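Data first, discussion second: the structure below is written as structure tokens.
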Amino acid sequence: MHRPRYDDWAWPKGKVDPGEAVAAAAVREVEEETGHAVVLGAPLPTLRYRTSDGLPKRVHYWAARVARRGDGPALAARAAVTPATRDEIDRVRWVGVDDARTLLTRRTDRAPLDALLALHAKGRLTTDVLVVARHGRARRRSAWAGDETDRPLTSTGRAQAVALVPVLAAFGVLDVVTSRWERCAATIQPYADAAGLVPGSAYLTEAEHERSPSRVAGGVHRLLERRRDVVVCTHRPVLPTVLDVLGQHSPRPVADALPAKDPYLRTGEVLVAHVAQTAKGPRVVAVEQHRPPVA
């Protein structure tokens, strides 16, 4: 795209709004500046540099695809987008790889393009996501007189649940699977409501995991093979088993990037695993973590 203010050609990008998650900002900016809704894929190299006034700047990039009809639930969960003005973007061009490399004004902007081509060459550009979510902040066990199965979220936990909606929408989540316990079900319900989805349950409660970790592992493995963008909401004691399955399907650099220390994920945080289907089965080609800001 061409920015008349700078008279340069660059990738779609912009600033994160207050209270906005980075992934949500990415899909919003692309739609504002190109007119196309997109679904994020694997992360590409983050660029860091200083602006003309000397301030540090960090820009996040992802592979992405144009949204399809089947992405309707995820698109329904997104906020409306206002197109960029002609003063911001006056030309948008879709070009081939060689032309893109030549057209980009800033030399460093070629790094995401090179990473994109490398993924494509390895057959790892087309991916689905398995998003692992830890439930939002819940009432303390010591402060809850009810049963462990219905211990509720706090006000912060409910805000975290709402803040997850645009993140899950950015990655095109179409299926929701959750522990039946209240704090997990309530964490994922805002997205299910916004996307018009009915959550499914699986063997993801602490008690079910304690009885049979192998059943949890088998369920995660089956989700990796489904070729669907799915979010799985569970509890801290279950996370090591879930992450172990992801590690078994990851090359060493990706496996090493998985959380390895308790609590693995903070409350309200998600790990996005990008899964490519290969001749040898599902392969996790990249992982990233997001904890949306809560006002």
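Read-outs: derived from the displayed coordinates by stated rules, not from any lab. From a predicted model like this one, the values you see are computed outputs, not experimental measurements. Glycine gets a Cβ as well: all are built from the backbone with ideal geometry, and neighbour counts include every protein chain shown.
Numbers for the structure displayed
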| item | result |
| --- | --- |
| Positive minus negative residues near Val285 (Lys, Arg vs Asp, Glu; Cβ under 10 Å) | +3 |
| Cα-centred dipole magnitude for the chain, charges only on beta-carbon of K, R (+1) and D, E (-1), debye, nearest 20 | 500 debye |
| Relative contact order [Cα under 8 Å, 6+ residues apart], the chain, whole percent | 21 percent |
| Rounded if a/c under 1.5, otherwise prolate or oblate - segment 81-139, Cα gyration tensor axes | oblate |
| Of every Cα-Cα pair in segment 1-107, the percent that sits beyond 23 Å | 30 percent |
| Asp256 versus Glu148: modelled label distance in nm, points set 7 Å from Cα along the beta carbon direction | 3.7 nm |
| Net lengthening on full extension, His2/Asp53 (0.36 nm per residue, minus Cα-Cα) | 16.2 nm |
| Residues of segment 191-222 with amide N under 11 Å of the 7 Å Cα→Cβ point at Arg228 | 198-201 |
| Cα long-axis angle, helix 182-195 against the chain (0 to 90 degrees, to the nearest 10) | 40 degrees |
| Cα-projected label distance for Ser155 with Arg93, points at 7 Å along beta-carbon direction, nm | 5.3 nm |
| Total formal charge among the other residues, if their Cβ is under 12 angstrom from that of Ala115, Lys/Arg +1 and Asp/Glu -1 | +1 |
| MRE, 222 nm, helices only [DSSP H, n ≥ 4, -39500 (n - 2.57), over the chain, to nearest 500] | -10000 deg cm²/dmol |
| Within segment 52-89: backbone nitrogen closer than 12 Å to the His120 label point (7 Å, Cα to C-beta) | 64 |
| Segment Glu210-Thr85, extension gain: residue separation times 0.36 nm, minus the distance between their alpha carbons | 39.5 nm |
| Segment 132-171: radius of gyration and largest Cα-Cα distance (Dmax), Å | 12.1, 38 |
| Relative pair counts by distance (%), Cα atoms of segment 128-290, 10 Å bins | 11, 43, 36, 9, 1, 0 |
| Qualifying trypsin sites (Lys or Arg not before Pro) for segment 1-93 [loop in DSSP, other Cβ within 10 Å: at most 16] | Arg5, Lys15, Arg68, Arg86, Arg93 |
| Where chymotrypsin sites (Phe, Trp or Tyr not before Pro) fall in DSSP loop in segment 111-194, at most 14 other Cβ within 10 Å | Trp144 |
| 0 to 90° range, to nearest 10: angle between helix 22-34 axis and the chain longest Cα axis | 40 degrees |
| Cα Rg, Dmax (largest Cα-Cα span) when computed across segment 61-201, Å | 20.4, 65 |
| Helix axis angle, 110-121 relative to the chain longest principal axis, alpha carbon, degrees | 60 degrees |
| Radius, Kirkwood style, for the chain when every pair of distinct Cα atoms is counted (Å) | 20.2 Å |
